[in-house]
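**Q** Have a look at the structure that comes next, please.
The values are calculated or read from the model by the stated rules, or taken from the named source; none is laboratory data. Note that this is a predicted model, so its numbers are computed, not measured. Here the Cβ positions follow ideal geometry from the backbone for every residue, glycine too, while neighbour counts run over all protein chains shown.
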Amino acid sequence: MSKLFSEENKAAFSNPLNLNNPIAVQVLGICSALAVTSQLKPAIVMGLSVTVITAFSNVIISLIRKSIPNRIRIIVQLVVVATLVTIVSQLLKAYVYDVSVQLSVYVGLIITNCILMGRLEAFAMQNKPWPSLLDGIGNGLGYAWVLVVVGFVRELFGFGTLFGYNVIPKFLFDCGYTNNGMMVMPAMSLIIVGCVIWAHRAYNKEEK
Amino acid sequence: MKALRKIFDNIKPYVEEGGKFHAFRSLVDGFETFAFVPNQTSRVGSVNIHDAIDSKRIMSFVVIALIPALLFGMYNVGYQNALAAGALESTSCWAMFWYGFLAVLPKILVSYIVGLGIEFVVAQWKNEEIQEGYLVSGIIIPMIVPVTLPLWMLALAVAFSVIFAKEIFGGTGMNIFNPALITRAFLFFSYPAAMTGDNSVWVSQSKILGAGYDVVSPDALSGATPLGMAAQDSFAGFDCNTIHDAIVGLIPGSIGETSVIAIAIGAVILLWTGIASWKTMLSVFVGGAATGYLLQALGLTEIQWYEHLVLGGFAFGAVFMATDPVTSCRTECGKYVYGLLIGFVAVLVRVLNPGYPEGMMLAILLMNLFASLIDYCFVQRNISMRAKRATK
């Protein structure tokens, strides 16, 4: 048991959450982070989908890493990822149809998400399945928390709701408060992602 | 002046390093250098080229140039209010101005308090000298918004623009985009209902401290502005009176941008003091007029080319925004290209995009982005030309 949660394995899981965060530090996967975060619900679903897909693709690639011929490894990785994405996409359509409509093409586009290919190339191809699983979950959750923060801010100020429920009290609207139309636009989410990166770097100043 | 000097000399020891009120150092420093030219000179031994005036003095000249348009804007706010209430005959000139003054003053105060507040905090935090760029932006911002804009929206937009358009880039002189236009763009995209629409957005409709009138029949204000009508293809052309009003400035619009005459006075001051470049200013008008003429000849718009120049924010943008020395081109040839393209894009947006009746803001912001690229091209051309000449 102690071996399963050794320092290295713990680092594989916790680094991507903070010091090696795929969005805040590596600045990967930005397009989907801008596109799906106008509301909280699709942001959470997207974050979880990416977590599941990175975790499983990492494990699968790690299991077969020694038998993959080096010259066609990208194609093999793509096949694995594409299979998983298709499964997740079908599951979303079956159980949370409205969210999958909101996410539209961006579920399918997880295939091209830089985080996935990056982790497969950089981690799963060299490591055993268990650390690869931890690394996959860590990166997926590291991606997810930034999405949730951005989605929270955008839905709160852009629509005045959270998960679709009104949270801004009505008397504020009576006083003249208005929802911010720019929050709904992708341009503003780029600025919010910038602020998240800013805060993250300021907070981790000594670590670097 | 001497009394003021004495006050500053008395205060100074308290805010120096280790003094009781050290936290206010940048505040005192900022006001002192605004009122008096600093008495430090360049260190001996280094090579410096200095103009006779520093940037705080330049900023004060721009503020002076803006005052005619601001004062006329105040008068026009009162005029529009009285016109909408149907009480034009019975209201004196001064009553209209007083009403406009009361309507505009809170906006100027909010703009300065929020903007300068952030500047002072940042200067204190980074332990730098207070930067003066906001003096001009702070007075331009209230002039390019509708008079009915709620103050909290203005405060939010000012904070956004000072932080994200200015301080992030390193403060005054480092910004890529004009902060005043970023404020307007933020408002325009965030709160479109408060920034565009029919005349009820542009005309103040309630009493302020007992001055002015409550407009009881807002139906009179449901008409669109000329540019708004043109965007919806329901524009039927002007009669002479409207064009006359547009030049004098007695039409609904953002506070300071309506009067071409008041803006022209500002333009003369800017050109006479040599702060703004006549090349930029002229080429914006030429670009806009040429594009307007072309599009009208092609049958795409009913608006005459000269009407483009007097309507909306075109003149104001050309004189006070396009010529901003920080965000415009610096090479002499680049200024022509920069100005022509601003005029071109502004009229193009007005005519071809029904969603945006006014294109001046977007045109200047877009060209702000390209200003350094234009400069780069001309500098490279000069370098290669001179290299050729030298090797001949």
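**Q** When region B:107-144 is examined, which residues are found to be buried (at least 19 other Cβ atoms within 10 Å of the Cβ) and assigned to a loop (DSSP other than H, G, I, E, B)?
**A** Selection gives B:ILE130, B:GLN131, B:GLU132, B:GLY133, B:ILE144.
**Q** All but one of (1) more than 10 Å from chain A (Cβ to nearest Cβ); (2) without any contact (Cβ under 8 Å) to a residue 24 or more places away in the chain hold for B:GLU132; which doesn't?
**A** The failed condition is (2).
**Q** Same structure again: Could we say that B:GLY288 is within 24 Å of B:ILE265 (Cα to Cα), crowded, with 22+ Cβ neighbours inside 10 Å and at pLDDT 90 or above here?
**A** yes
**Q** Let me ask something additional. Might you let me know whether region B:267-283 holds any residue that is in contact with a Gly (Cβ under 6 Å, 6 or more places away or on another chain) and farther than 14 Å from B:MET321 by Cα?
**A** no
**Q** May I pose another question? Would you confirm whether any residue within region B:352-366 is buried (at least 19 other Cβ atoms within 10 Å of the Cβ) and over 25 Å from the mean Cα position of the chain (by Cα)?
**A** So far as region B:352-366 goes, no, none of its residues is buried (at least 19 other Cβ atoms within 10 Å of the Cβ) and over 25 Å from the mean Cα position of the chain (by Cα).
**Q** Those residues that are part of a helix (DSSP H, G or I) and either crowded, with 18+ Cβ neighbours inside 10 Å or at pLDDT below 90 (or both), I need them from region A:60-70; list them, please.
**A** A:ILE60, A:ILE61, A:SER62, A:ASN70, listed by residue number.
**Q** Taking B:ILE176 as meeting all but one of (1) more than 16 Å from the chain's Cα centre (by Cα); (2) touching a residue at least 24 places away in the same chain (Cβ under 8 Å), write down the number of the exception.
**A** All conditions are met except number (1).
**Q** Do the conditions hold for B:ILE275, that is, is it surrounded by fewer than 21 Cβ atoms within 10 Å (Cβ to Cβ), outside any helix (DSSP H, G or I) and modelled with pLDDT of 85 or more?
**A** yes
**Q** With the requirement that a residue be surrounded by 24 or more Cβ atoms within 10 Å (Cβ to Cβ) and in contact (Cβ under 8 Å) with a residue 40 or more places away in the chain, what does region B:185-194 give you?
**A** Once the filter is applied, which keeps residues that are surrounded by 24 or more Cβ atoms within 10 Å (Cβ to Cβ) and in contact (Cβ under 8 Å) with a residue 40 or more places away in the chain, region B:185-194 yields only B:LEU187.
**Q** For B:TRP152, which of the numbered conditions (1) of a type outside the set (Val, Ile, Thr); (2) surrounded by 19 or more Cβ atoms within 10 Å (Cβ to Cβ); (3) in a helix (DSSP H, G or I) fails to hold?
**A** With respect to (1) of a type outside the set (Val, Ile, Thr); (2) surrounded by 19 or more Cβ atoms within 10 Å (Cβ to Cβ); (3) in a helix (DSSP H, G or I), B:TRP152 is out only on (2).
**Q** Taking the residues in region B:259-272 that are touching a Phe, Trp or Tyr at 6+ places or on another chain (Cβ under 6 Å) and more than 19 Å from B:LEU227 (Cα to Cα) as candidates, determine which candidate is surrounded by the fewest Cβ atoms within 10 Å (Cβ to Cβ).
**A** B:LEU271
**Q** Only one of B:SER190, B:SER161, B:SER200 is under 21 Å from B:MET367 (Cβ atoms) and either in the same structural domain as B:GLY86 (by TED's automatic domain parsing) or modelled with pLDDT of 90 or more (or both); which?
**A** Step by step, each of B:SER190, B:SER161, B:SER200 is checked, and only B:SER161 is under 21 Å from B:MET367 (Cβ atoms) and either in the same structural domain as B:GLY86 (by TED's automatic domain parsing) or modelled with pLDDT of 90 or more (or both).
**Q** Still on this model: When you look at A:ALA144, is it modelled with pLDDT of 85 or more and within 24 Å of B:ALA155 (Cβ to Cβ), yes or no?
**A** no
**Q** Given (1) surrounded by fewer than 21 Cβ atoms within 10 Å (Cβ to Cβ); (2) more than 20 Å from B:ASP245 (Cα to Cα), identify the lone condition not met by B:VAL104.
**A** If we test B:VAL104 against (1) surrounded by fewer than 21 Cβ atoms within 10 Å (Cβ to Cβ); (2) more than 20 Å from B:ASP245 (Cα to Cα), just (1) comes out false.
**Q** Here is a check on your reading of the model: is A:TYR143 under 11 Å from the mean Cα position of the chain (by Cα) and of a type in the set (Ser, Thr, Tyr)?
**A** It is true that A:TYR143 is under 11 Å from the mean Cα position of the chain (by Cα) and of a type in the set (Ser, Thr, Tyr).
**Q** Separate question: Tell me, please, whether a residue that is closer than 30 Å to A:LYS10 by Cα, free of Cβ contacts under 8 Å to residues at least 60 places away in the same chain, surrounded by fewer than 20 Cβ atoms within 10 Å (Cβ to Cβ) and of a type in the set (Ser, Thr, Tyr) can be found in region A:154-171.
**A** No, the conditions are met nowhere in region A:154-171.
**Q** Take region B:180-190 and flag every residue that is over 9 Å from the mean Cα position of the chain (by Cα) and over 15 Å from B:LYS107 (Cβ atoms).
**A** Matches in region B:180-190: B:ILE182, B:ALA185, B:PHE186, B:PHE188, B:PHE189, B:SER190.
**Q** For region B:152-190, which residues satisfy the criterion of being within 11 Å of another protein chain (Cβ to nearest Cβ) and closer than 23 Å to B:ILE251 by Cα?
**A** Of everything in region B:152-190, those that are within 11 Å of another protein chain (Cβ to nearest Cβ) and closer than 23 Å to B:ILE251 by Cα turn out to be B:ALA185, B:LEU187, B:PHE188.
**Q** Let me ask another. Confirm whether B:LEU311 is among the aliphatic types (A, V, I, L, M) and at pLDDT below 90.
**A** yes
Here's the yes/no breakdown for (1) more than 24 Å from the chain's Cα centre (by Cα); (2) more than 10 Å from chain B (Cβ to nearest Cβ); (3) assigned to a helix (DSSP H, G or I):
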residue: A:ILE168; (1), (2), (3): yes, yes, no
residue: A:PHE173; (1), (2), (3): yes, yes, yes
residue: A:ASN179; (1), (2), (3): yes, no, no
residue: A:ALA187; (1), (2), (3): no, no, yes
residue: A:VAL193; (1), (2), (3): no, yes, yes
residue: A:ILE197; (1), (2), (3): no, yes, yes
residue: A:ALA202; (1), (2), (3): no, yes, yes
